[in-house]
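Right, one structure below, let's go through it.
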Amino acid sequence: MGNNEYMQNAVTGWMVPHGEHSDIVMSTRIRLARNLRGFRFPIAFSDEQAEEIGKLVSDALLNGGKTGYAYTRMSDLKALGRQTLVEKHLISPQLADAVHYGAVLLSEDETVSIMVNEEDHLRIQCIYPGLQLENAYRKADETDNLLESRLPYAFDEEFGYLTSCPSNTGTGMRASVMVHLPALTMTKQINRIIPAVSRLGMVVRGSYGEGSEAPGNVYQVSNQLTLGKSEKEILAELANIVSRIIVHERKSRELLLGRSRLSLENRVFRALGTLSYARLLPSAEAARCLSDVRLGIDLGLIEDVDMNILNELMVFMQSGFLQNFEGGELTAEELDSSRAKLIRERLRQRAADGEPHPDEP
Amino acid sequence: MLCENCKERPVSVILKQETPGGPVERNLCDQCAFNLQTFSVNPNQEPMSIQQFLSQWLTGEAVQPQALEAQVMPECPECGLTFHRFLEIGKFGCPVCYETFRERLPRVFGKLHNGSTVHRGKIPASFNEKMAIKKQIEFLRISMQDAIQTERFEQAAVLRDEIKEWKRKLSAGPEEGGAADGE
Ligand SMILES: [Zn+2]
Ligand SMILES: [Zn+2]
């Protein structure tokens, strides 16, 4: 069961279901973009400037007595190591690509990560499990104040925090909430919600993968505007929209259960069967089944599987993690096989935990 | 796909270059697009929405070719970015760009941020302090003028020294006074 131990070590703060509405909201993330006066933005800076910024930021955070942060240069990590940080949402793909000058400061519990020399000099990111916009913002704000007291921020009276991209100017804040919306997706209501939300200055998009599809029916709701509103206003508007989406999702779940309980049961138990016994699991199928099983747990149809399987396995079943665990590059089929094994073992844990469960052949 | 110039970073901009043999498309990352000054944009193929948006806006209203040349395009003294180039790549090159393009930016921000052009959020503690110092200096200066006019020269000298002291603090930067908490 080396698998389980490996995963337990890799579980990070936001993956543990906790916080308000944790049956629907998986995590809350606040990101603040900040830059230093006197330096060009990463799009245009020299290697010397990049180096100096890295030093200034790490000195500011590590020498002040308040440690608890670890500084890692992208160049110190192998490609797989960078990829797993991306898969855990601790750094962005763009930072992982900044091999020469990117770095990250990670707090011990991994709830705060400060990306250095991504699109901006600093991206302060705070991820909490469940719906915790205020707590996550408070933590990000504290970290911001600490850094600001030691670094010369680029701030303008008229335009606020100056960022490389004009879409971040002002507060530099992107607040996002990751939500699991299987019922809204099944009933296709999500297709009406997405454009409606965008008219309110917010965006809904798939949280894993690229493009418009949302693997695992996991979506991210975030603010689009950063200028002309205070952080508190933005957070309140986002909280309002998310709570309305939650209400819709709950209603749709009840509706599905009331109208077609048998077919819903069939669906979630088939998914559980696939996850429990499949020998090859492509990631799209795994994501779909994980979403179904999680829905079954939320609705009380499946009782002996714990609810964080969706949060954890959506991360651990990605190719970077699997290859890191297996200790080398894998072919597509090997990936599907490794993914199936990982999920099987994770599900077998419940049997080991004493719950009655049919033996695996 | 990797940037064809540095072959390191992923492509984020597709730029169309006019060559003697006809237009050529180049797939570039942000950094390379920023550094290569000779390209013009192909608005139909931009993968990034802000760039697409800004460049369409550029071609839509700001650019009649002669008008563009006749106009003096401001250039950032710090990083060399021109306003035209800013609209093409959709990114600023440095904090000084904001100062350089200040008069043109409200229109850009208005379009991107639903009509908003002014920051209403958090103000860094050190910046708040600076604002307070600036106000203090202004107040002392008026008092000094007043003292001079009423021939209270000793007091004017005291005020002058005080102003000097505040100005020194102001230029000392945020390391001096930024330790205060934001709230
Ligand atoms: Zn490049
Ligand atoms: Zn500049």
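For this structure, a couple of remarks:
- Each residue in the range B:82-97 was checked for being near ligand 2 (Cβ under 6 Å from one of its atoms) and in contact with a Leu (Cβ under 6 Å, 6 or more places away or on another chain), and 2 of them qualify.
- A:Arg192 falls short on exactly one of the conditions (1) touching a residue at least 12 places away in the same chain (Cβ under 8 Å); (2) surrounded by fewer than 23 Cβ atoms within 10 Å (Cβ to Cβ); (3) among the basic types (Lys, Arg), and that condition is (1).
- Count - residues of the range A:128-140 that are under 21 Å from A:Ser58 (Cβ atoms) and out of contact with any Cys (no Cβ under 6 Å at 6 or more places or on another chain): 0
- For the range A:169-193, the tally of residues that are within 19 Å of A:Ala236 (Cα to Cα) and either away from chain B (no Cβ under 14 Å) or over 20 Å from the mean Cα position of the chain (by Cα) (or both) stands at 7.
- The single condition among (1) surrounded by fewer than 19 Cβ atoms within 10 Å (Cβ to Cβ); (2) out of contact with any Ser or Thr (no Cβ under 7 Å at 6 or more places or on another chain) that A:Ile302 does not satisfy is (1).
- Of the listed requirements (1) under 30 Å from B:Arg107 (Cβ atoms); (2) modelled with pLDDT of 95 or more, A:Arg205 misses just one: (2).
- Looking at the range A:214-323, the helices (runs of 4 or more DSSP H) lying wholly inside it that each contain 2 or more residues that are closer than 16 Å to A:Asp336 by Cβ sit at A:261-277, A:283-298, A:308-316.
- Of the criteria (1) in contact with an Asp or Glu (Cβ under 8 Å, 6 or more places away or on another chain); (2) in the same structural domain as A:Cys126 (by TED's automatic domain parsing); (3) at pLDDT below 85, which one A:Ser22 fails: (1)
- Checked against (1) at pLDDT 95 or above; (2) over 21 Å from the mean Cα position of the chain (by Cα); (3) closer than 20 Å to A:Arg346 by Cα, A:Asn266 meets all criteria but (3).
- So A:Leu131, is it buried (at least 22 other Cβ atoms within 10 Å of the Cβ) and within 7 Å of another protein chain (Cβ to nearest Cβ): no
Okay, residues lined up against (1) under 23 Å from the mean Cα position of the chain (by Cα); (2) part of a strand (DSSP E or B); (3) within 16 Å of ligand 2 (Cβ to nearest atom):
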position: A:Arg31; (1), (2), (3): yes, yes, no
position: A:Arg40; (1), (2), (3): no, no, yes
position: A:Ala60; (1), (2), (3): no, no, no
position: A:Gly81; (1), (2), (3): yes, no, no
position: A:Val86; (1), (2), (3): yes, no, no
position: A:Leu106; (1), (2), (3): yes, yes, no
position: A:Ile114; (1), (2), (3): yes, yes, no
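The values are calculated or read from the model by the stated rules, or taken from the named source; none is laboratory data. On a predicted model such as this, the values are computed, not experimentally measured, just so you know. Glycine also receives a Cβ, built like all others from the backbone with ideal geometry; neighbour counts cover every protein chain displayed.
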